[in-house]
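Each value in this text was obtained by applying a stated rule to the coordinates, not by laboratory testing. The structure presented is a predicted model; accordingly, all values stated were derived computationally and were not measured. No Cβ is skipped: glycine too gets one built from the backbone with ideal geometry, and neighbour counts run over all protein chains shown.
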Amino acid sequence: MSVIVFTVILLLGSYFAGLLGSLTGLGGGFIIIPLLTLLLRVDIHYAIGASLVSVIATSSGSAAAYVKEGITNIRLGMFLEIATTAGAFTGAVLAIYVPTHFIAILFGLILIFSAVISLRNRAEQIVHKETFLSKKLRLGGNYPANGGAIEYGVSNIAGGFFMMVFAGIISGLLGVGSGALKVVAMDGIMRIPFKVSTTTSNFMIGVTAAASAVVYLQRGYIHPGIAMPVVIGVLLGAISGSKILVHTSSSKWLRWVFAIVVTVLSIQMIYNGIKGNI
């Protein structure tokens, strides 16, 4: 395969990854890593390094739009980043010593989990009563909807915080933004509205990935020839996705596309991991 063909495939795949990553709050790594390892036959450590850079680009491209629209809970995101950053650094260190086939299998399982999360019933019950810790830290907020502002509270702070530590470890270990786990922590455990969870996840994943990327950069696993087209494609896709999400109330069809794509990729990753082809 020539360098030009390699770069074009990587650009197109990265754009698609950035688009879906921005719309779902899961980051673009769930497509970047299988694209590089399965289709382009890149070593998984270099794929993880490029994926981490792409996650930073996804967050940078979409988070600004969400913050501008007043959807992202910045204060909550900065508080939870303490947990994800510590976890991400730990996961990145562990990834150097964990066998690559185990990483591939674990990544496939996380992909399946992400697909299930994306298709959950989005009906939500907004918590208006805040806990003592939520009040002290002023984590509650509001977001614009239907021409007004919807107020919401935050509950189970400790449970969400510890879930974020685990999300950070997975991010550093697998080179993804672990947005699925972040959304679960905020939407399922802390009872934050889904749209706020998604946008706050986008805000957080860049910081989480940056903590992991430092370790991979020191180890020489971030290759400019791979990372540059990934960043360009993912950034353009993330900007497109943020514009779609801000101006639409439903992206159900995209969630189905996401679920189908990542399910197929997860099966391939698990199969090749078991066979030892990665």
Legend entry - Sequence ranges 52-60, 186-194, 217-225, 268-276, ranked by mean other-Cβ count within 10 angstrom, highest first: 52-60, 186-194, 268-276, 217-225
Legend entry - chymotrypsin sites (Phe, Trp or Tyr not before Pro) within the stretch 69-108, DSSP loop, no more than 13 other Cβ atoms inside 10 Å: 97
Inset, instruction - Starting from the Cα of residue 182, draw a straight line to each of the aspartates and glutamates and keep only those under 19 Å, dropping any in the same chain fewer than 8 residues away. - result: 81, 124
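Got a sec? How would 81, 69, 151 order by Cβ neighbour count within 10 Å, fewest to most?
Numbers: 81 20, 69 15, 151 11.
Ascending Cβ contact count within 10 Å gives the list 151, 69, 81.
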Inset, instruction - Give me the distance between the Cα centres of the stretch 1-60 and the stretch 76-109, rounded to whole Å. - result: 18 Å
Legend entry - Per DSSP, loop trypsin sites (Lys or Arg not before Pro) in the stretch 18-94 with at most 14 further Cβ within 10 Å: 41
